[in-house]
Amino acid sequence: MNQSNTSFLADFRSMSSIGATAGGGVDRQAATMADGQTRNWFRGLVEGHGFTVRYDQIGNQYSMLELVPGAPWIAVGSHLDSQPLGGRFDGAYGVLAGAHAAQRIQDSFAVAKDSAVFNIVVINWFNEEGCRFKPSMMGSSVYTGKIPASQALDTTDPDGVTVREALEGIGTIGDFELPVSAYIEIHIEQGRSLEDRGLGIGLVESTWGANKYEFIVHGDQAHTGATIIADRQDALLGASALVVAAREIALEYSTDEHMVITSCGEFNVFPNSPVVVASRVNLLVDVRSTDPDVLAAADAALHTRVSQIEKMANVRIERGAEHVWDAKSYDLAGLKLAAEAADSLGLSHGVVRTLAGHDSTNMKDVVPTIMLFVPSVEGISHNERELTHDADMVAGVDLLTEVLTRVVRGEFVSDSATTNRASTDSVSVSR
Ligand code: GLV
Ligand code: MN
Ligand code: MN
């Protein structure tokens, strides 16, 4: 292993010690102390290599490396925040890989006096995970104009702390602004298609569509023993039926060609006491598919089931915040550039789609974007056991360096059919 790969892996291990959990993962939810420590660690690392670091109004962290004074900027990035008891690779790998790729390019351009026409900014997007503060992909949603900064800043966590207060608390908020000309992200796959196909690199051609809903099931608080069944308005029964309905819809609407994936990831019962029929449950349900028509049919079925469950459980189900994005392509010219770069390095690669949302889901709607994956062992993610082998990580950094080098030289001539779209046409977020 060469010196640059050894240095990447050493930095990765140092970074993974921040917010480390007993089970081998990390817990660095957005704007917590652990997230702040990771941001400061990253700042120290890149400043040591001559980057300049700034924060914007929603706490996105920009680490800039100016190769050509006054030239426009190419962004490379991902996120340093994590899920509770999350894995150490999700997001953080891509941010660190971006810094190392930029650094290598600076060194090689200095030696070869090569012709860069762009500068490089590594962006650590604020709150990609959306666990402490909803929705996910918050920093890139504000950057791309999909949600107003004021709405994001006023969002509260379960303890009533706002995003603004939390970001001020860790001292990573500012007023910096930086337009970029293109965006590149590398991330772990979080699924097992690369591993199953024996491939080292995934070239992401499109996102799956996703419809995420908050439902609030309203019942009436009562005594679990003394209240006869006929008199109950049990919010927990209604919410549980909705969880089961979501799974049934996934099974019913998936076709051989287009899978449907549904989940309930968060479920809060009030007052959650042993002898009390629940008065309210807040839950989050998401429905995803590769095909817009299949997604629309599954989505309609979900809302029909909601009405049926209201009658069955004698409850009222309110729809709260929603966060929606379409199944949509990445830039085809970017895909081709990345495939050629992978070939030049002798890396095996294949085309994949992303089931998970990423900051590139937002960025691809406003600038030409390239999204790359490295394999996840057994597809395990959002789990302390998340793992990507060292050899796969360093191959990814090599590829990112090669792709970024080509882009910085001006070789990414966007495919016009998939770029310059309106910023709001594919992802919407509302509360
Ligand atoms: C990310 O936000 C996801 O839901 O996949
Ligand atoms: Mn991620
Ligand atoms: Mn994640």
| query | What pairs come up if the first residue lies in the stretch 38-64 and is over 17 Å from V180 (Cβ atoms), the second is open to solvent by less than 20 Å² (accessible area, probe 1.4 Å) and of a type in the set (K, R), and their beta carbons are under 7 Å apart, counting only those six or more places apart or on different chains? | reply | T38/R28
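List the helices (runs of 4 or more DSSP H) inside the stretch 291-406, counting only whole elements, that have at least 2 residues being more than 16 Å from ligand 3 (Cβ to nearest atom) and out of contact with any His (no Cβ under 6 Å at 6 or more places or on another chain).
Details: elements: 292-313, 332-344, 359-363.
Per the criteria, 292-313, 332-344.
Which of the residues spanning the stretch 354-388 are of a type in the set (S, T, Y) and under 19 Å from R88 (Cα atoms)? So that I can check it myself, show each step before the final result.
Step one: of the stretch 354-388, the residues of a type in the set (S, T, Y) are 354, 360-361, 369, 376, 381, 388.
If the condition is that a residue be of a type in the set (S, T, Y) and under 19 Å from R88 (Cα atoms), then S376, S381, T388 are the ones that fit.
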| query | Which numbered condition trips up D81, out of (1) of a type outside the set (A, V, I, L, M, F, W, C); (2) open to solvent by less than 10 Å² (accessible area, probe 1.4 Å); (3) more than 20 Å from I370 (Cβ to Cβ); (4) more than 20 Å from the chain's Cα centre (by Cα)? | reply | (4)
| Would it be correct to say that G59 is in the same structural domain as E185 (by the TED database), more than 22 Å from the chain's Cα centre (by Cα), closer than 22 Å to I184 by Cα and of a type outside the set (D, E)? | no
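Mind checking which helices (runs of 4 or more DSSP H) fall wholly inside the stretch 121-183 and carry at least 3 residues that are in the same structural domain as A99 (by the TED database) and within 16 Å of ligand 3 (Cβ to nearest atom)? Spell out the reasoning first.
Values: elements: 138-143, 149-154, 163-170.
The qualifying helices (runs of 4 or more DSSP H) are 138-143.
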| task | Could you tell me which numbered condition L167 fails, if it satisfies all but one of (1) closer than 18 Å to Y330 by Cα; (2) more than 16 Å from ligand 1 (Cβ to nearest atom)? | result | (1)
| task | Exactly one condition in (1) of a type in the set (F, W, Y); (2) assigned to a loop (DSSP other than H, G, I, E, B); (3) more than 16 Å from ligand 1 (Cβ to nearest atom) is not met by F109; state its number. | result | (2)
| Among (1) closer than 15 Å to G191 by Cα; (2) surrounded by 19 or more Cβ atoms within 10 Å (Cβ to Cβ) - the single one V351 does not satisfy | (2)
| field | Unique match (being more than 14 Å from ligand 2 (Cβ to nearest atom), touching a Phe, Trp or Tyr at 6+ places or on another chain (Cβ under 6 Å) and modelled with pLDDT of 95 or more) among G219, G209, G174, G169 | value | G174
| Unmet criterion (only one of (1) closer than 17 Å to L400 by Cα; (2) among the hydrophobic types (A, V, I, L, M, F, W, C); (3) open to solvent by 30 Å² or more (accessible area, probe 1.4 Å); (4) at pLDDT below 95) for A112 | (1)
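The values are calculated or read from the model by the stated rules, or taken from the named source; none is laboratory data. Keep in mind that what you see is a predicted model, and the values were worked out from it rather than measured. Here the Cβ is made from the backbone with ideal geometry for all residues, glycine too, and neighbour counts use every protein chain on show. Heads up: the accessible areas ignore ligands, DNA and RNA and are worked out on the full protein's heavy atoms, side chains in. Shrake-Rupley method; radii C 1.70, N 1.55, O 1.52, S 1.80 Å.
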